[in-house]
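Colleague: Have a look at the structure that comes next, please.
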Amino acid sequence: MFKNMTLRTKLAIGFSLLVLLTTAIGGFAIFQMGKVNDASTEITVNWMPSIRHIQSMNTKTSDFRIAELMHVISEDPAQIAGLEKKMDSIKAALLEDRDAYAKLISSEEERALYEAFANQFDAYMEANARMIPLSRAMRTGEAMAIMNGESQSLFDSYSATLEKLVDLNIAGGKAASENGDVMYARATGWILGAVLIAALLGGIIGVVIVRSLMRQLGADPSEAAAVAQRFAAGDLSEELKTRDDDASSLLAALKTVQGSLRAMIADAGHLTRAVAEGRLRARADAEVHQGDFRAMVQGINDTMESFVVPITEIQRVLGAMAEGDLSQTIRASYQGDFEQLKIALNTTVDKLGETIGQVRSSADALNSAAEQVSATSQTLSQGAAEQAASMEETSSSIEQMSASIAQNTENAQITNGIATQAAREAEEGGTAVRETVQAMREIAIKIKIIDDIAYKTNLLAFNAAIEAARAGEHGKGFAVVAAEVRNLAERSQSAAQEIGDLAGSSVDRAERAGKLLEEMVPSIVKTADLVQEIAAASSEQTTGVTQINSAVNQVNQATQGTASGSEELAATAEEMTSQAQQLQELMAFFRVAGAGAMAEHPVAGKILSSPAPQPRIVGAEKHGPGKDQFIPF
Amino acid sequence: MTRDTTLESGQEKAQYLIFNLRGEPFAIPLLGVKEIIEYGSVTHIPNMPVFIRGVINLRGRVVPVIDLAARFGEPPTTVGERTCVVIVELQDEAGINDMGIVVDGVNAVSDIPASEIEPPPRFGAKIRVDFIQGMWKSQDRFVIVLDQARVLSIQEINQLAEMMEDGPAR
């Protein structure tokens, strides 16, 4: 039953058992520790405080007796009062201790001892009550008698009782401690036993689980995982080790898989090599494989089978083509790409046949075309020669034109120089005229001075005439002189005025001349500009004529080229004719399905379902070493 | 020189100074003229009639200058290059005084026979008739011979000056 459980259940049961055992051991240990604790608690709570209270009472009874004795001895009333107060406080403390202890009594024996102490102490206190008044009354002798007699015996007896109580309590504490030791030893034994049992059980469970796991895997899990990873990576090379009796483990199954895969891979490799070496008839034995492996090997066999048939057919048709027989075709029907291949091959054969027929008729056409080309090229050559002659005439005319244009340019440049010089001279003339005008103006100013002098002389002459008149007869001669002077002055004045007028009019004329000269300059400059433009235009004409000349030369060269080209063309045409004939002979090798242009050649091939159409010339053909392409016309 | 003297001289010639004023020739007897100077340095005197141009310093003597054009009631003379001041002697009951006349230019000294001087017209002249002593026909035009004593009457000038002091000149 345990064998059939899953790993999870096994692990769950094993660990649950271990957990239960651990919990039980823990609980048991806590229980035993509780008992030990009780024993120690009894010592602390009962026996130890009892001993302390009894000891305290013992001390206080001694203190009380000392205070009594001092009270008896003392004669100072103040001291006596102080001692009485002290005794009261000691007694109160003592009774407090006694009550506390009474609560801790735990056995009958102890109770009896305590009762005895209580009675003795009460009797002592009674004696004390009797003694105090005697002492207070200073009856020391009587007081001492009580103290040494009754009181002393009572004190001794209760002191002994207290000793007994202490012993009793110590004995009780010791008993409790021994009880704790016994319980500790017993608990230790039990717990040790339980731990040993749990360890044993855990070991057994672990061994059982590990053994069952190893039986199922056949190897350590990490090792099995590594094997599976190697398989996943395609590495089947390592031999797997299994136990002799192991047939059901994971590792054993992996080993079987390895064997099957190796066999299949070997077969597949064999077939692949056979295909690569062209042995299409090789096959693998599918029966040695099982299940899907067998299906796969069988599939490879079938694949090869499907290759063989069409390839045999293709071999046959291509072989016929090599013999020049273009009438063979594949007639069986295939599937998919093989069908496509068959159609392509059949189409190729058909097209080739058709094309060869066309090539034949093209060769014929080419023959006659080449003759025409030859004739045309001769005409072309003649025309080119005529063209060359007229080109030379044109060239010489243009050279003459060029010379006359150059002459024009030169003349225009000379004219330009003359016009420029004329402009410069006109400007110089203008300057001269301006200077003349300036000189005239200066003359006019100078003449004004002479005029002024003449006027002043005239005035002087008037004054002289006046003086002469006033002198009467004596001034007559002087009057004549004055009149003469005045006459001269007037003449010089009028002459000066005339000169001034002339100078003024000369200025006007000179200014006009200058203005005319200035107006002339722009005209001359304009003339010079125009002449320059003419010169420039002539230069451009020269350039243009040069260009025309070079163009004519180029045309001339082209014409010569045409002439030689047309001769070459004639030669080529002859070459072409012979090549076309050669082509016709070559094409005779092929046998084509259908009658076509086969009249002069025997047809060896079979006639196909559709006869090939009469070849038509549909395009250009290359032939022989020729590098020119001709469009048939 | 007086009108009587001139009349007495009869056929005798007398010398006249001919000068220009606003384009017209005028004549005054040469004997009344002291000298001719160029126009210049006339000191203007305020509050005087417009025909008194001012005074000049003639060799230390103060000589008043009359603008004849203004005296004739025309716009004052514009000073030009040929403007002159003719210094004349005036004789009245107070004695002999010098006075300057502003003229546009001096033309000539001419001998004019008294017979050629014709009496002034009754009307048609541009100036007051009583200023004109007579008219002398030169080669092509008439020369007005001025009555110097009337034109330059000191008495009348003083009256006009006093009127100026009392009120506006015109």
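Read the figures in this text as sums done on the coordinates, not as results from a lab. Quick caveat, the model's predicted, so the values are computed rather than measured. Using ideal geometry, Cβ is built from the backbone for each residue, glycine included, and neighbour counts are taken over all protein chains shown.
Colleague: Using only atoms on other chains, find how many Cβ atoms lie within 10 Å of each Cβ of peptide A:454-460 and report the average.
Modeller: On the way: counts 0, 6, 1, 0, 4, 7, 1.
Per residue, the average neighbour count from other chains is 3.
Colleague: Under the rule of at least 5 residues apart or a separate chain, name every residue whose amide H is placed under 5 Å from the amide H of B:Asn107.
Modeller: The answer is B:Ile18, B:Phe19, B:Asn20.
Colleague: What three numbers, in Å, describe the spread of the alpha carbons of the stretch A:254-323 along their principal axes, ordered from the longest?
Modeller: Principal-axis extents of the Cα atoms in the stretch A:254-323, largest first: 58, 19, 12 Å.
Colleague: While we're on this one: Which percentage, to the nearest 5, of the DSSP beta bridges contained in the stretch B:1-114 is antiparallel? Before the final figure, lay out the partial values.
Modeller: Numbers: 35 of 38 bridges.
Bridges in the stretch B:1-114 that DSSP calls antiparallel: roughly 90 percent.
Colleague: Over 21 Å between Cα atoms, which of A:Lys10/A:Lys255; A:Lys60/A:Lys103; A:Lys456/B:Lys137; A:Lys103/A:Lys164 qualify? Don't skip to the end; give the middle numbers.
Modeller: On the way: A:Lys10/A:Lys255 28 Å; A:Lys60/A:Lys103 19 Å; A:Lys456/B:Lys137 28 Å; A:Lys103/A:Lys164 18 Å.
Violating the 21 Å limit, Cα to Cα: A:Lys10/A:Lys255; A:Lys456/B:Lys137.
Colleague: Got a sec? Charge dipole of the stretch A:409-567, +1 on Cβ for Lys and Arg, -1 for Asp and Glu; which of A:Asn411, A:Asn458, A:Ser550 is way out at the positive end?
Modeller: A:Asn458
Colleague: Per DSSP H run of at least 4 residues, take -39500 (n - 2.57); add these up for chain B, divide by its residues and hand me the 222 nm value, nearest 500 deg cm²/dmol.
Modeller: -4000 deg cm²/dmol
Colleague: I need to check one value: relative contact order of the stretch A:7-214, counting alpha carbon pairs closer than 8 Å and at least 6 residues apart, in percent. Provide the component values of the computation, followed by the final result.
Modeller: Values: 154 pairs, mean separation 82.4, N = 208.
So the answer I get is 40 percent.
Colleague: A further question follows. Over every pair of different alpha-carbon atoms in the stretch A:314-458, take the mean of 1/r and invert it; report that Kirkwood radius in Å. Walk me through the numbers before you get to the answer.
Modeller: Numbers: mean 1/r = 0.0367 Å⁻¹.
Final number for the Kirkwood radius of the stretch A:314-458 is 27.2 Å.
Colleague: Sticking with this structure for a sec: Just for the protein assembly as shown, what percent of DSSP beta bridges are antiparallel, to the closest 5? Intermediate values should be presented prior to the final figure.
Modeller: On the way: 42 of 48 bridges.
Looking only at bridges with both residues in the protein assembly as shown, the antiparallel portion is about 90 percent.
Colleague: Calculate the mean, over all residues of peptide B:30-37, of how many other protein chain Cβ atoms lie within 10 angstrom of the residue's Cβ. Kindly include the intermediate steps, with their values, before the conclusion.
Modeller: Working: counts 6, 4, 2, 6, 4, 6, 8, 2.
Mean shielding count: 5.
Colleague: Report, in cubic angstrom per residue, the convex hull volume of the C-alpha atoms of the stretch A:421-517.
Modeller: On the way: hull volume 5.8 nm³, N = 97.
Hull volume normalised by residue count: 59 Å³.
Colleague: Sticking with this structure for a sec: For chain B, restrict the atom set to alpha-carbon positions and state the Rg and Dmax in Å.
Modeller: 15.8, 48
Colleague: Return one quarter of the surface area of the convex hull spanned by the alpha-carbon atoms of chain A, equal to its mean projected area, in nm². Write out the running numbers ahead of the final one.
Modeller: Values: hull surface 501.7 nm².
That works out to 125.4 nm².
Colleague: Let me ask something additional. Using unit Cβ charges (K, R positive; D, E negative) and no other charged atoms, how large, in debye to the nearest 20, is the dipole of the stretch A:1-79 about its Cα centre?
Modeller: Working: 7 positive and 6 negative charges, 252 e Å.
Here the stretch A:1-79 has a charge dipole of around 1200 debye.
Colleague: In addition: Need one value for A:461-470: mean number of C-beta atoms belonging to other chains within 10 Å of its residues' C-beta atoms.
Modeller: Numbers: counts 2, 12, 7, 1, 7, 12, 2, 3, 8, 7.
Mean shielding by partner chains, rounded to a whole number: 6.
Colleague: Which of A:Ala233, A:Ser260, A:Ala247 sits closest to the plus end of the dipole of the stretch A:172-269, meaning its Cα is farthest towards the positive end, when Lys and Arg get +1 and Asp and Glu get -1 on the C-beta?
Modeller: A:Ala247
Colleague: Normalised by the number of residues in the stretch A:247-323, what is the relative contact order in percent for Cα pairs under 8 Å and 6+ residues apart? Show your work: numbers first, answer last.
Modeller: Working: 37 pairs, mean separation 19.0, N = 77.
RCO, the stretch A:247-323: 25 percent.
Colleague: Report the Cα-based extents of the stretch A:159-253 along its three principal axes, largest first, to the nearest Å.
Modeller: 103, 27, 12
Colleague: Here is a further query. Work from the charge dipole of the protein assembly as shown (Cβ charges, +1 for Lys and Arg, -1 for Asp and Glu, about the Cα centre) and give the residue of B:Tyr16, B:Gln91, A:Gln290 farthest towards its positive end.
Modeller: It is A:Gln290, whose Cα lies furthest towards the positive end.
Colleague: What is the diffusion coefficient of the stretch A:394-574 in µm²/s, taking the Kirkwood radius over Cα pairs and the Stokes-Einstein relation at 10 °C with a viscosity of 1.306 mPa s?
Modeller: Working: Rh = 24.1 Å.
Reported coefficient: 66 µm²/s.
Colleague: Also: Can you give me the C-alpha center-to-center distance between the stretch A:201-274 and the stretch A:345-373, rounded to a whole angstrom?
Modeller: 71
Colleague: Which value in deg cm²/dmol, rounded to the nearest 500, describes the helix-derived mean residue ellipticity at 222 nm for chain A, given -39,500 (n - 2.57) per DSSP H run of n ≥ 4 and division by the residue count? Walk me through the numbers on the way to the answer.
Modeller: On the way: 11 runs with 511 residues, N = 633.
After summing the helix terms and dividing by residue count, I get -30000 deg cm²/dmol.
Colleague: Mind checking the angle between helix B:154-166 and chain B's longest principal axis? C-alpha axes, 0 to 90 degrees, to the nearest 10.
Modeller: That works out to roughly 30 degrees.
Colleague: A further question follows. Report, in debye and to the nearest 20, how large the dipole of the protein assembly as shown comes out about its Cα centre when Lys and Arg carry +1 and Asp and Glu carry -1 on their Cβ. Can you show the working numbers first?
Modeller: On the way: 71 positive and 105 negative charges, 583 e Å.
Charge dipole, the protein assembly as shown, about its Cα centre: 2800 debye, nearest 20.
Colleague: Using alpha carbon centroids, what distance separates the stretch A:491-506 and the stretch A:1-54, in Å?
Modeller: What the calculation gives is 167 Å, centre to centre.
Colleague: Right, next: How large is the charge dipole for the stretch A:391-505, taken about the Cα centre, if only the Cβ atoms of Lys, Arg (+1) and Asp, Glu (-1) carry charge, to the nearest 20 debye? Before the final figure, lay out each step's value.
Modeller: On the way: 10 positive and 17 negative charges, 256 e Å.
Computed charge dipole of the stretch A:391-505: roughly 1220 debye.
Colleague: Please tell me the relative contact order of chain B in percent, rounded to the nearest whole number, where contacts are Cα pairs under 8 Å and at least six residues apart. Mind dumping the intermediate values first?
Modeller: On the way: 307 pairs, mean separation 43.3, N = 170.
Relative contact order comes out at 25 percent.
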